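Report on one structure; see the data block that follows.
Nothing in this text is a laboratory measurement; each read-out follows from the coordinates by a stated rule. These numbers were taken from a predicted model, which means no experiment stands behind them. For neighbour counting, all protein chains shown are included, and Cβ atoms are generated from backbone atoms with ideal geometry for every residue, glycine included.
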Amino acid sequence: AQSVTQLDSHVSVSEGTPVLLRCNYSSSYSPSLFWYVQHPNKGLQLLLKYTSAATLVKGINGFEAEFKKSETSFHLTKPSAHMSDAAEYFCVVSDAWAAGNKLTFGGGTRVLVKP
Amino acid sequence: DAGITQSPRHKVTETGTPVTLRCHQTENHRYMYWYRQDPGHGLRLIHYSYGVKDTDKGEVSDGYSVSRSKTEDFLLTLESATSSQTSVYFCAISESEALNTEAFFGQGTRLTVV
């Protein structure tokens, strides 16, 4: 069975400083990995996805994530936070061999950006 | 944005009444999903569909049923609503189950059971 753990439920950063959101996963087989963002009272938007072509994945709005198989991690980073980055972020895994492309979500990390 | 419309967007209902939420897509995607979002739990899968009339249960399916009579529509029914079903419900669609295929989400339906 697959599972996802987001190690921080809340992260607070100052504008212009780096952001790090930590994610560990477990999956029986080769996983599909994603980061989604949810702004207040909105739906979920895909930030980036791991495609196995490269371990460092670049996404929208300056975010990137690094896949580390040995550590079963897929941490999300951004060099310089912007006020508009205040949102909730979800790390998501999908088991490539499971029927239906069902997604398993982490509990979410809420990011607060201070001016 | 992917063409996904959820209706209603907000609903308040009484305990014990039936409720149906609708998800409509214009992308002709094969897979459709219903998730619920609760604080600290992320999103959890209720039911999903892999084609017309083909559905299966997710991890939190008790108290819910679904139907898909057309490719574009996926209905979620709470047969007899309970307060524990107060949540935000999201519909999602996916083109295939191939590796690395992302899902696209609707705007959500906020359901309150009083």
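Among the trypsin sites (Lys or Arg not before Pro) found in region A:36-70, those both in a DSSP coil and sparsely packed, with 15 or fewer other Cβ atoms within 10 Å of their Cβ, are A:K42.
Within region A:49-105, the chymotrypsin sites (Phe, Trp or Tyr not before Pro) that combine a DSSP coil assignment with at most 12 other C-beta atoms in a 10 angstrom radius are A:W97.
Cβ crowding within 10 Å ranks A:L56, A:L76 as A:L56, A:L76, fewest other Cβ atoms first.
Around the Cα centre of region A:3-114, unit charges on the Cβ atoms of Lys, Arg, Asp and Glu (plus for the first two, minus for the last two) sum to a dipole of about 100 debye.
By DSSP, the beta bridges lying fully in chain B are antiparallel in about 90 percent of cases. According to the Cα-based calculation, Rg over Rh for chain B is 0.95, with Rh computed by the Kirkwood formula.
Ordering B:H24, B:H29, A:H10, A:H82 from the fewest to the most neighbouring beta carbons within 10 Å gives A:H10, A:H82, B:H24, B:H29. Neighbour counts of C-beta atoms inside 10 Å place B:M32, A:M83 in the sequence A:M83, B:M32, starting with the fewest. Sequentially through region B:9-24, phi angles give Karplus couplings (6.51, -1.76, 1.60; θ = phi - 60°) of 7, 9, 8, 10, 9, 9, 3, x, 8, x, 9, 10, 10, 10, 10, 10 Hz, Gly and Pro residues having no value and appearing as x. Annotation: amide H-H contacts under 5 Å for A:A87 (H modelled 1.01 Å from N, sequence separation of 5 or more, or interchain): A:V111.
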